[in-house]
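Reading through the structure tokens given below for one structure.
The values are calculated or read from the model by the stated rules, or taken from the named source; none is laboratory data. As the structure is a prediction and not an experimental result, all values here were calculated from the model. Methodologically, a virtual Cβ is constructed for each residue, glycine included, from the backbone with ideal geometry; neighbour enumeration extends over all protein chains shown. For the accessible areas, the whole protein counts, side chains as well, though only heavy atoms, and no ligand, DNA or RNA atoms are used. Shrake-Rupley method; radii C 1.70, N 1.55, O 1.52, S 1.80 Å.
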Amino acid sequence: NGFESIAGQINVEMKQPTTPDRLYVNAYLNNMGKTDLNLVLAHQVSKKWSTALLLHNNFLYNKVDFNKDGFIDLPIGNLFTALNRWKYENTNGWVAQFGAKVLTDNKQGGEISFDANTDKGTTNAYGLGFKTFRYEGFAKVGYVFPKKKFQSIGLQLSTFQHNTSSYFGLTNY
């Protein structure tokens, strides 16, 4: 891991509050009705403080069965994610970040004729579904040595609550 690594890893990180894009909007819609919406708002609050709000929503409510097997090809439902991140950086080497994330995911699949309101828990039509709620808080505090920018020391903290419930046919989890 690092600039000379040979593992082939890809380091994926969400946009930072110090990103030059103060506003970023992205939308996607395909022929099946799947929609993705993204919004990034970044703001430099002061010389030392910056913040960013990242929002993502994707949804599909159109039951698609291209291969005509009686089952929907893609789960229908909605996934929403929000992240608010704050960053502090001073000229003495101290750096801090903290923030919160929220994720909700509600999906349903199964036979085209499946209606969760009337068929869930029955043998009328096969269906599956899951609901996920995740809340997360995180913080990073560190000191970058001013004369040796490649050396630093830090502390990372993270906490989350993750709740998932699901059903597959007659079985609940």
Which one, Ala52, Asn90, Asn62, is farthest towards the positive end of the dipole of region 27-128 when Lys and Arg carry +1 and Asp and Glu -1 on their Cβ? Asn90
With only helices counted (DSSP H, runs n ≥ 4, each -39500 (n - 2.57)), the per-residue ellipticity at 222 nm for the chain, to the nearest 500, works out to -500 deg cm²/dmol
Would you mind telling me the share, in percent, of accessible area of region 108-173 contributed by carbon and sulfur at probe 1.4 angstrom? 56 percent
Assuming 0.36 nm per residue, please report the length gained on full extension of the stretch Asp65 to Asn26 beyond their Cα-Cα distance. 11.3 nm
Just the number, please: Stokes-Einstein D of region 81-166 in µm²/s, Kirkwood Rh from C-alpha pairs, 4 °C, 1.567 mPa s. 78 µm²/s
Bins of 10 Å, beginning at zero and ending with the bin holding the largest distance: percent of Cα pairs per bin for region 118-173, please. 19, 23, 17, 15, 12, 10, 4, 0
Keeping to pairs on different chains or 8 or more places apart, tell me how many lysine pairs in region 65-173 have Cα atoms under 16 Å apart. 6
Given the options Lys147, Lys120, Lys87, which has the most mean-square fluctuation in a GNM of the chain, springs set between C-alpha atoms less than 10 angstrom apart? Lys147
Total charge of the residues flanking Val40 in space, meaning their Cβ is under 15 Å from its Cβ, with Lys and Arg +1 and Asp and Glu -1, is +2
Roll a 1.4 Å probe over the protein chains and send me the accessible area per residue for the chain in Å². 69 Å²
Cα convex hull of region 48-120: how many Å³ per residue? 111 Å³
If you roll a 1.4 angstrom probe over the protein chains with everything in place, what fraction of the accessible area of region 16-72 belongs to carbon and sulfur, to the nearest %? 61 percent
For the chain, the Debye formula with one identical point scatterer on each Cα and no solvent gives log10 I(q)/I(0) at q = 0.15 Å⁻¹ as -0.99
GNM on the chain, C-alpha springs below 10 Å: top fluctuator among Thr18, Thr104, Thr122? Thr122
